[in-house]
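To start, the structure itself, in structure tokens.
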Ligand SMILES: C[S@@+](CC[C@H](N)C(=O)[O-])C[C@H]1O[C@@H](n2cnc3c(N)ncnc32)[C@H](O)[C@@H]1O
């Protein structure tokens with residue numbers, strides 16, 4: 001799928017389900033939310049320790065709940081999302097925060113100007129052939145040493161490419177193995193720091209996983 005076609009499809013699909021998606025998020029799940037918050041708080045700790053003056057990008061922020069969480073944790077954060085309906089919801093909850101319609105493939109940020117990137121279940125819709133372009137963009141904007149946290153639904157049984165198609169309810173998506181994704185990150189100078197596997201988010205759902213990485217600019221030298 002070409003870039004425009006893929007992005008248009010994702011935007012259209014999430015515009016349609018935005019309110020339903022937000023209801024689902026607000027309803028939450030105690031175990032998943034606790035594990036997610038654990039990883040996002042670890043990410044926030046690394047941002048804080050980095051002492052950057054830059055902001056964090058919540059890339060594919062959806063209704064903005066994690067941008068809000070980061071802000072409440074004292075991290076300067078803003079959200080971008082392809083879907084105008086998602087961005088409208090995020091702004092409704094937190095009109096004081098910055099939420100913009102935008103694409104992870106073309107972030108509106110200068111080189112090495114971003115303190116860290118959160119991509120929370122937003123890379124799942126990126127066709128695997130476009131993933132290198134997203135990771136190139138992440139590597140361009142994030143400061144050396146800045147953390148990247150990725151959350152995705154995962155598979156344990158992909159072929160050598162590390163992914164399989166995923167019959168996602170909202171929009172076409174892809175399941176990655178955590179090893180496959182970690183390999184892709186390494187190719188873009190993101191060194192893995194740690195990972196989490198969430199066994200069963202809900203009956204019949206695939207497991208979910210997190211990769212926490214750091215932009216390792218030294219490998220460019
Ligand atoms: C499953 S939702 C996750 C939303 C939120 N991060 C969360 O954790 O609930 C996926 C979101 O990623 C957004 N998205 C997917 N591909 C994107 C891209 N290339 N650029 C920006 N947003 C994207 C979608 O519009 C959607 O809002």
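No lab work stands behind these numbers, since they all come straight from the coordinates. In this text, all values refer to a predicted model and were calculated from it rather than measured experimentally. Here Cβ is always computed from backbone atoms with ideal geometry, including for glycine, and neighbour counts include all displayed protein chains.
Key figures for this structure:
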item	result
Protection-proxy order for peptides 188-196, 75-83, each taking the mean of Cβ atoms within 10 Å per residue, highest first	75-83, 188-196
Ratio of Rg to Rh over the range 111-221 (Cα coordinates, Kirkwood Rh, two decimals)	0.97
Percentage relative contact order, the chain, counting C-alpha pairs under 8 Å, at least six apart	19
The range 133-162 versus the range 14-33: alpha-carbon centroid distance in Å	23
Order by protection proxy (mean Cβ within 10 Å, highest first), peptides 26-37, 162-173, 129-140	129-140, 162-173, 26-37
Under the Debye formula (equal points on every Cα, no solvent term), log10 I(q)/I(0) of the range 3-220 at q = 0.14 Å⁻¹	-0.81
Spin-label model distance (nm) - residue 73 vs residue 96, 7 Å beyond Cα toward Cβ	1.9
Extended-chain gain in nm, criterion 0.36 nm per residue less alpha-carbon gap, residue 202 and residue 5	67.9 nm
